[in-house]
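Here is the structure we will look at, set down as structure tokens.
Here, each number is a calculation from the coordinates, and none is a lab measurement. None of these values were measured; they are calculated from a predicted model. A quick note on method: Cβ atoms are made from the backbone with ideal geometry, for glycine too, and the neighbour counts reach across all protein chains shown.
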Amino acid sequence: METKREGRIIEVGMAEVKISSAPDILITRGLGSCVGITLYDPIRRIGGLAHPMLPDIHKAKVKTNPAKFVNSVIELMIKEFTKRNCRVSSLMAKVFGGGHMFSAIPYDSPFNIGVKNVEKAKEVFSSLKIKIVAEDTGGNYGRTVELYLATGKVRVKTLFHGVKET
């Protein structure tokens with residue numbers, strides 16, 4: 001993968017979403033139980049990266065930040081891509097993170113937020129008929145995700161599990 005950095009490096013914080021175009025690079029750090037969701041239009045070379053923390057805005061008491069929730073941030077991203085003349089049928093999704101970060105919580109517990117976040121992302125993308133073309137989820141470790149908008153490639157960095165590219 002080309003690592004030459006000609007565009008801006010745009011940081012995406014927790015409970016944020018950013019959308020930009022080539023040759024920029026979108027980066028989010030510290031994905032634990034949160035998920036990193038990328039959407040990319042290979043025709044227009046426009047991409048988005050979100051770092052939601054929780055699965056479902058409809059179950060939340062405070063709903064002021066749609067980027068905090070998997071289901072609402074995906075809807076928000078779709079609206080932004082549509083405004084930029086992207087066709088939903090051209091979009092490719094990738095999902096990262098969703099780790100099981102708290103050993104005191106059983107893996108199959110409803111309080112295992114990482115698993116719930118990944119499940120919700122898959123459910124929403126399936127309902128929108130958007131294919132998830134790559135994922136690196138689960139485990140019990142953090143991830144940093146870099147989306148290269150010139151190519152749509154994603155580099156996933158971990159402390160003890162190396163670097164992967166999708």
Report summary line: Correct semi-axes for the chain, from √(5λ) of the alpha-carbon gyration tensor and rounded to whole Å with the largest first, are 24, 19, 13
Query - Sequence-separation-based contact order of the chain, relative, with Cα cut under 8 Å and 6+ spacing, percent - result: 26 percent
Query raised in the report: By how many nm would the segment from residue 159 to residue 127 grow when fully extended, if each residue of separation counts as 0.36 nm and the alpha-carbon distance is taken off?
Result: 8.1 nm
Query raised in the report: Give me the Kirkwood hydrodynamic radius of the range 1-87 in Å, from all C-alpha pairs, to one decimal place?
Result: 13.5 Å
Query raised in the report: Loop-only check: which chymotrypsin sites (Phe, Trp or Tyr not before Pro) in the range 4-96 are DSSP coil with at most 10 other Cβ within 10 angstrom?
Result: none
Query raised in the report: Among residues other than residue 161 whose Cβ falls under 14 Å from its Cβ, what is the net charge (Lys/Arg +1, Asp/Glu -1)?
Result: +2
Report summary line: Ordered by fewest other Cβ atoms within 10 Å, a rough proxy for footprinting exposure, 161, 51, 58 read 58, 161, 51
